[in-house]
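Beneath this line is the structure, given in structure tokens, with notes to follow.
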């Protein structure tokens, strides 16, 4: 259904960004279930395209940054590609800059960044990663 919705939103359509996000999230979910590499590659590609449609002042950029970061983190967890983890951390940090303290949806970026930092700690054993993750959770 998400693929059909995207076909109905060609380049330039006002709903293309949300449709890309929805389809990307669906592929990411399916990847987590079945571990088909093609699914996560497609999810990341769709989320990257969606991010291009959401410039820095776009009110939905926060969501797209997080969806792309979560997809990259999922690929890292399953395929152990450290470059994905580093990019996910950077994207989560970018998303948090768009949601100041007290924002009702800030917890999404906080959770994502703390989770990615825990993964980074497991990879590098650098205390600053786990200490920041704990601070973010608090």
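None of the figures in this text is laboratory data; all of them are computed from the coordinates on show. Note that the coordinates shown come from a computational prediction; the quantities given were computed from them, not determined experimentally. So basically every Cβ, Gly included, is an ideal-geometry build from the backbone, and we count neighbours across all protein chains shown.
Remarks
- Value in Å of the Kirkwood radius, where the stretch 55-117 supplies the Cα pairs that are averaged: 11.6
- Candidates 86, 38, 66, ranked by Gaussian network fluctuation over the chain, Cα under 10 Å, top entry: 38
- Over the stretch 2-137, Cα pairs under 8 Å with separation of 6+ residues give a relative contact order of 16 percent.
- Top of 44, 108, 89 by mean-square fluctuation, Gaussian network on the chain, Cα under 10 Å: 108
- Legend: ranking of residues 132, 4 from fewest to most surrounding C-beta atoms inside 10 Å; resulting order 4, 132.
- Between the stretch 90-127 and the stretch 1-75, the alpha-carbon centres lie 19 Å apart.
- Dimensions of the stretch 10-138 from C-alpha coordinates, computed as largest minus smallest value along each principal axis and given longest first, are 47, 36, 20 Å.
- Crossing angle, helix 82-97 versus the chain [Cα axis fit, 0-90 degrees, rounded to tens]: 80
- Helix 127-137 vs. the chain, principal-axis angle (Cα, 0 to 90°, nearest 10): 60
- Degrees separating the helix 37-52 axis from the principal Cα axis of the chain, which is the longest one: 80
- Residues 92, 31 arranged by fewest to most Cβ contacts within 10 Å: 31, 92
- Report summary: the helix-based calculation at 222 nm, which adds -39500 (n - 2.57) for every DSSP H run with n ≥ 4 and divides by the residues of the chain, gives -25000 deg cm²/dmol.
- Relative exposure of 14, 126, 32, judged by other C-beta atoms within 10 Å (fewest first): 14, 126, 32
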